[in-house]
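Before any comments, here is the structure.
Computed from the coordinates by the stated procedures, all read-outs in this text should not be read as laboratory data. Owing to the predicted nature of the structure, the values given are computational and were not obtained by experimental measurement. Counting neighbours? That spans all protein chains shown, and the Cβs are built from the backbone with ideal geometry, glycine included.
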Amino acid sequence: MPEGDTVWRAANDLRAALAEKVLTTCDVRVPRYATVDLSGHRVDSVASRGKHLLIRVGEASIHTHLKMEGQWQIYLPGERWRRPAHQARIILATEDSVAVGFSLGITEILELGQEQEAVGHLGPDLLGTDWDSFVAVENLRAADSVPIGIALLDQRVMAGLGNVYRNEICFLRGIHPKTPTHRAGNLDAIVDLSFRTINVNKSRRIRVTTGDTRPGRQTWVYGRRGKPCRRCGTRIREDTLGPDQLTERNIFFCPVCQPFTPG
């Protein structure tokens with residue numbers, strides 16, 4: 001699932017293409033909203049909230065979420081799409097730009113007053129102007145016996161982290177992802193590292209946590225099963241972790257640098 005920085009960049013791209021412009025086309029290819037047509041209305045703003053996107057048009061808010069396969073792409077009018085047309089869930093066009101949402105996990109048209117129903121459950125947004133580290137720390141502390149690796153992906157704790165950052169933050173703090181949150185050490189430091197790591201990457205197309213942008217060098221543990229730890233040389237291990245089988249994700253860790261601390 002895309003990280004919050006991917007969604008933040010998508011919001012920037014959509015803002016540049018659509019904001020303050022009048023829609024000439026609004027084609028929502030979701031049965032429930034097939035009759036919705038916002039063409040002729042101006043796009044007032046585009047905002048990201050964690051991993052959610054909100055495109056505000058008049059009295060409506062177009063709420064989308066990329067989930068696993070979703071992507072927004074921007075084209076010039078008449079330009080050939082880079083993904084199959086049958087994957088398009090929504091098409092928004094102005095006189096000079098065409099924004100296409102492909103394979104979106106969520107596409108819904110809300111009234112502006114309904115936005116809180118879609119995003120009100122989220123914790124502080126790591127990339128938002130209203131970021132509140134104190135609330136994020138308290139939310140993390142409330143996770144208590146929940147494994148830190150699960151708590152970091154819980155968007156109700158703080159919004160924006162995905163699996164890459166979850167794994168990298170645990171490594172950088174020397175914490176096994178399955179360690180209960182109340183045994184994970186300095187929670188303020190974990191939240192601060194989360195904020196700094198995602199913000200330093202938000203404008204990059206290639207995510208880097210090591211400081212080395214060369215291919216194969218960008219991460220400490222993520223995607224590196226069986227390869228030597230960059231700190232101690234021990235082979236990186238892979239496992240799965242999640243509150244249930246449907247939401248399990250792969251975890252990567254160094255068994256030496258990240259010893260498991262049981263509850």
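Assorted remarks:
- Column: log10 I(q)/I(0), Debye, Cα scatterers of the range 4-119, q = 0.17 Å⁻¹: -0.75
- The per residue volume of the convex hull around the alpha-carbon atoms of the range 176-251 is 131 Å³.
- Relative contact order of the chain, taken over Cα pairs closer than 8 Å and 6 or more residues apart, is 16 percent.
- Ranked packing of 162-171, 71-80, most packed first, by mean Cβ within 10 Å: 162-171, 71-80
- Hull shadow area, averaged, the range 109-200 [alpha-carbon convex hull, nm²]: 6.3
- Intensity falloff of the range 1-57 expressed as log10 I(q)/I(0), Debye formula with alpha-carbon point scatterers, at q = 0.22 Å⁻¹: -0.90
- Using only side-chain charges placed at the Cβ, +1 for Lys and Arg and -1 for Asp and Glu, the dipole size of the range 4-119 relative to its Cα centre rounds to 420 debye.
- Global geometry of the range 117-263, whether rounded, prolate or oblate, following the gyration tensor of its Cα atoms and the 1.5 cut on a/c: oblate
- For the chain, the number of Lys pairs separated by eight or more positions or lying on different chains, with C-alpha atoms closer than 28 Å, is 11.
- Label reach from Val208 (point 7 Å along Cα→C-beta): in the range 226-260, amide nitrogens under 19 Å belong to 230-231.
- Residue order, fewest to most surrounding Cβ atoms within 10 angstrom, among Thr64, Thr25: Thr25, Thr64
- In percent, rounded to a whole number, the relative contact order of the range 4-119 is 28, using alpha-carbon pairs under 8 Å and six or more apart.
- Calculated [θ] (222 nm, deg cm²/dmol) that DSSP helices of n ≥ 4 give over the chain, each run adding -39,500 (n - 2.57): -6500 deg cm²/dmol
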